[in-house]
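These notes concern the structure reproduced below.
The values are calculated or read from the model by the stated rules, or taken from the named source; none is laboratory data. All values derive from a computational prediction rather than experimental measurement. A quick note on method: Cβ atoms are made from the backbone with ideal geometry, for glycine too, and the neighbour counts reach across all protein chains shown.
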Amino acid sequence: MTDGSNQLPWEQPAWLEHLSGWIAQQLSIHQLTALAPLELVHQRPWSAFGQVCTNHGMIYCKAPAPAFAYEVGLTQALAQWHPACSVPILAIEPTHGWILSGDAGTTLRVLGQNLSQLDHWYALLPEYSELQIALAKRVPALLDLGVPDRRLTIFPSLFTEILGDHDQLLLDQVGGLSSAEYHQLQGLPATVQAQVAQLASYGIPETLTHEEIHENNVLYGPRGYTITDWSDCSVSPPFFSLLVTVRAAAHWLKLDEHGDSIQRLRDAYLEPWTRFASRQSLDQAADIAYRLGMINRALSWRQALKGLDRQHTKDYIDSIAGWLQDYLATHANTE
């Protein structure tokens, strides 16, 4: 890297010092004492995450990348609107984009990657659906916070837009689309439009959709379940959430994605939505959203990686093309 134009904030020389100073101030305000210096757990293209051990337990700090700056305001809003499902906020620093929060429990991954985890999913997912239903009335506020707009009215144009971003599609390059795959995708706007129209016909309200609800983004503790990491979210059809949740649960628990256990997981999520449509319609809507959700994930990865140099993106370079390839595969399977 020859200059700082593509640097992430935590790569700046004084960033850690400034963050540590701010955390010290906030701990003092809350009458907490740090027992060790701030420990950075990870620094990735989309965020830096750290923790501080205090005399009253662990405190956590997250700094979203500029592409996900809306997560700061969104986290604060969720804590106000639905405090039971949000991490307990100690402080927000909107100028730098810092979130300081208390302990909300243990991740499902740490609790155990075994079939007992399913009981957590069966209990958690209806709660998440109820949260989405409640947040449907806050769509204007969510958009004002900067949450990405992936509503069905503009989704076809977003598909066309991503096909025009040749730099990120990496045509005929390692981790990218082949020319043949790109040509196939260029022939699918009408298909996407038809799927969008069908999904819209079910009348399921669009809302805040967390796109990566998996075992490492769910905490369980005395206060119940808390969903974390709201950077990967959008205002979109709610059932987009099912894509990663179903795939991740099947992968980590070594289950058949189409087997009874995963079907029950899906059923638990869909049940609260029966106030909007019949169960048969919900199943059909979920199937369509599962496919369109692959395009949505490509859009999210495009947002995460756009403007960064190869040093930052090398480990994730195939993510955009990979999701579009998955969408192509679903199209081939339905022909």
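Got a sec? Which of Gln325, Gln311 is touching a residue at least 12 places away in the same chain (Cβ under 8 Å) and over 26 Å from Gln193 (Cβ atoms)?
Unique residue meeting the criteria: Gln311.
Which residue, of Thr245, Thr207, is touching a His at 6+ places or on another chain (Cβ under 7 Å) and at pLDDT 95 or above?
The conditions single out Thr245.
Which of the residues belonging to segment 138-152 are among the basic types (Lys, Arg) and in a helix (DSSP H, G or I)?
Within segment 138-152, Arg138 is the sole residue that qualifies.
Please go through segment 150-165 and pick out each residue that is more than 18 Å from Ser234 (Cβ to Cβ) and touching a helix residue (DSSP H, G or I) at 6+ places or on another chain (Cβ under 9 Å).
Passing the criteria: only Leu163.
Residues of segment 25-53 being crowded, with 16+ Cβ neighbours inside 10 Å and over 19 Å from Trp230 (Cα atoms), which ones?
Within segment 25-53, Gln26, Leu27, Leu32, Ala34, Leu38, Val52 meet the criteria.
Looking at (1) within 15 Å of Leu328 (Cα to Cα); (2) surrounded by 12 or more Cβ atoms within 10 Å (Cβ to Cβ); (3) modelled with pLDDT of 95 or more, which one does Gly176 not meet, given that it meets all the others?
Only one criterion is unmet by Gly176, namely (3).
Kindly indicate whether Leu124 is touching a Ser or Thr at 6+ places or on another chain (Cβ under 7 Å) and touching a residue at least 24 places away in the same chain (Cβ under 8 Å).
Here the answer is no, as Leu124 does not meet what is asked.
What are the residues in segment 261-274 that are among the hydrophobic types (A, V, I, L, M, F, W, C) and either within 14 Å of Glu127 (Cα to Cα) or in a strand (DSSP E or B) (or both), if any?
Leu265, Ala268, Leu270, Trp273
Counting just the residues of segment 243-265 that are more than 18 Å from the chain's Cα centre (by Cα) and buried (at least 20 other Cβ atoms within 10 Å of the Cβ), which one comes out nearest to Met58 (Cα to Cα)?
Looking at residues that are more than 18 Å from the chain's Cα centre (by Cα) and buried (at least 20 other Cβ atoms within 10 Å of the Cβ), I get Leu265.
Return a yes/no flag: does segment 212-226 have any residue that is within 22 Å of Ala304 (Cβ to Cβ), surrounded by fewer than 23 Cβ atoms within 10 Å (Cβ to Cβ) and in contact with a His (Cβ under 7 Å, 6 or more places away or on another chain).
No: segment 212-226 contains no residue that is within 22 Å of Ala304 (Cβ to Cβ), surrounded by fewer than 23 Cβ atoms within 10 Å (Cβ to Cβ) and in contact with a His (Cβ under 7 Å, 6 or more places away or on another chain).
Answer yes if at least one residue in segment 10-23 is within 21 Å of Gln303 (Cβ to Cβ) and surrounded by 13 or more Cβ atoms within 10 Å (Cβ to Cβ), and no otherwise.
So far as segment 10-23 goes, yes, one or more of its residues are within 21 Å of Gln303 (Cβ to Cβ) and surrounded by 13 or more Cβ atoms within 10 Å (Cβ to Cβ).
Scan segment 98-117 residue by residue and report those that are in a loop (DSSP other than H, G, I, E, B) and either surrounded by fewer than 16 Cβ atoms within 10 Å (Cβ to Cβ) or modelled with pLDDT of 95 or more (or both).
Gly112, Gln113, Asn114, Leu115, Ser116
Among (1) outside any helix (DSSP H, G or I); (2) buried (at least 17 other Cβ atoms within 10 Å of the Cβ); (3) touching a strand residue (DSSP E or B) at 6+ places or on another chain (Cβ under 9 Å), which single condition is Phe240 missing?
Of the numbered conditions (1) outside any helix (DSSP H, G or I); (2) buried (at least 17 other Cβ atoms within 10 Å of the Cβ); (3) touching a strand residue (DSSP E or B) at 6+ places or on another chain (Cβ under 9 Å), the odd one out for Phe240 is (1).
Against the definition (assigned by TED's automatic domain parsing to the domain that holds Ser129, assigned to a helix (DSSP H, G or I), out of contact with any helix residue (DSSP H, G or I) (no Cβ under 7 Å at 6 or more places or on another chain) and within 30 Å of Leu115 (Cβ to Cβ)), how does His258 come out, yes or no?
Criteria not met by His258.
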